Amino acid sequence: GLEELDDAIRSAGGHATLVPLDLTDYDAIDRLGAALNERWGRLDAVVGNAGILGNLMPVSHVTPKVWDQVMAINVTANWRLIRSFDPLLQRSDAGRAIFVSSGAAAKCRAYWGPYSVSKAALEAMVRTYAAENESTGVRAMLLNPGPLRTSMRAAAMPGEDPATLKTPEELAPHFVRLASPAWNETGKLYDFPSDRVLAFSAPQ
């Protein structure tokens, strides 16, 4: 949890401020942006990592409540992060925005409807944001973690052996790399399973 993460950061000589937040409380995201502005006046990096799977079922059977919940967390909350934090990223010498996508955005598997749609929408939004910032110092990237040893993966694939999967700890250094001022790619997808940066291309 957050407390364990805080302890790990402190034991490594760093410091952190924990801010428990309901990402569907969009006004709270705005208040967080205002608090960051008051305290630091800028933001060097933002990572949109939170996501929910929803229920695996035919699109025609998905309830409006589940659909709205998935879109609220996977799409709208990330838009609100951009909306609230963009002024702070612009004030950084090298603002970096990283958002976690999924192979489901392109594969469109049966029964993964809300999740696939939400990740495809996220990719379009982040690519648009990147295009709007080509002439600024802000860089926006997507990251596909692939199959990881997480509770979400276990819920989606209960028969899978978790020992065959990479861990979030193995992925973490790549967030650091994409958040670095030295990182200059934008509007692309870092694919962790293949360790490649992939450009998006429109149909010819």
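The values are calculated or read from the model by the stated rules, or taken from the named source; none is laboratory data. The structure displayed is predicted, hence computed values, not measured ones. Positions of Cβ are generated from backbone atoms using ideal geometry, with glycine treated the same way; all protein chains shown enter the neighbour counts.
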Which listed residue, of ALA16, ALA8, ALA28, is without any contact (Cβ under 8 Å) to a residue 40 or more places away in the chain, of a type in the set (A, V, I, L, M, F, W, C) and in a loop (DSSP other than H, G, I, E, B):
ALA16
Could you go through the range 49-57 and let me know if any residue there is over 29 Å from ALA154 (Cβ atoms) and either exposed (fewer than 15 other Cβ atoms within 10 Å of the Cβ) or hydrophobic (A, V, I, L, M, F, W, C) (or both).
no
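Let's see how each residue does on (1) in a helix (DSSP H, G or I); (2) within 13 Å of the chain's Cα centre (by Cα); (3) buried (at least 21 other Cβ atoms within 10 Å of the Cβ):
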{"position": "VAL75", "(1), (2), (3)": "yes, yes, no"}
{"position": "SER84", "(1), (2), (3)": "yes, no, yes"}
{"position": "LEU89", "(1), (2), (3)": "yes, no, yes"}
{"position": "TYR115", "(1), (2), (3)": "yes, no, yes"}
{"position": "LEU122", "(1), (2), (3)": "yes, yes, yes"}
{"position": "MET125", "(1), (2), (3)": "yes, yes, no"}
Between ALA155, ALA202, which is of a type in the set (A, V, I, L, M, F, W, C), more than 18 Å from the chain's Cα centre (by Cα), at pLDDT below 95 and part of a loop (DSSP other than H, G, I, E, B)?
ALA202
If GLU185 passes every condition in (1) within 26 Å of LEU5 (Cβ to Cβ); (2) touching a residue at least 40 places away in the same chain (Cβ under 8 Å) but one, which one does it miss?
(1)
Out of (1) more than 21 Å from LEU21 (Cα to Cα); (2) in contact with a helix residue (DSSP H, G or I) (Cβ under 8 Å, 6 or more places away or on another chain); (3) crowded, with 16+ Cβ neighbours inside 10 Å; (4) not basic (Lys, Arg), the one ILE98 does not meet is (1)
The range 146-158 residues that are in contact (Cβ under 8 Å) with a residue 24 or more places away in the chain and closer than 23 Å to ASP195 by Cα, paired with ones that are surrounded by 13 or more Cβ atoms within 10 Å (Cβ to Cβ) and of a type in the set (Phe, Trp, Tyr) (beta carbon under 7 Å, 6 or more apart)
GLY146/PHE192
Against the definition (modelled with pLDDT of 95 or more and more than 27 Å from GLU123 (Cα to Cα)), how does TRP79 come out, yes or no?
no
Which of the residues belonging to the range 123-182 are of a type in the set (Asp, Glu) and closer than 25 Å to SER201 by Cβ?
GLU123, GLU132, GLU134
Residues satisfying the stated conditions in the range 68-104, i.e. aliphatic (A, V, I, L, M) and touching a strand residue (DSSP E or B) at 6+ places or on another chain (Cβ under 8 Å)
ALA77, LEU81, ILE82, LEU89, ALA94, ALA97, ILE98, VAL100, ALA104
Write out, first by first residue and then by second, each pair whose Cβ atoms fall under 6 Å of each other, whose residues are 6+ apart or on separate chains, and whose first residue, in the range 167-181, is free of Cβ contacts under 8 Å to residues at least 60 places away in the same chain while the second is assigned to a loop (DSSP other than H, G, I, E, B).
THR167/ARG149; LEU171/PRO145; LEU171/PHE192
Given the criterion more than 19 Å from the chain's Cα centre (by Cα), on the phi < 0 side of the Ramachandran plot and in contact (Cβ under 8 Å) with a residue 24 or more places away in the chain, identify the matching residue among ALA110, ALA94.
ALA110
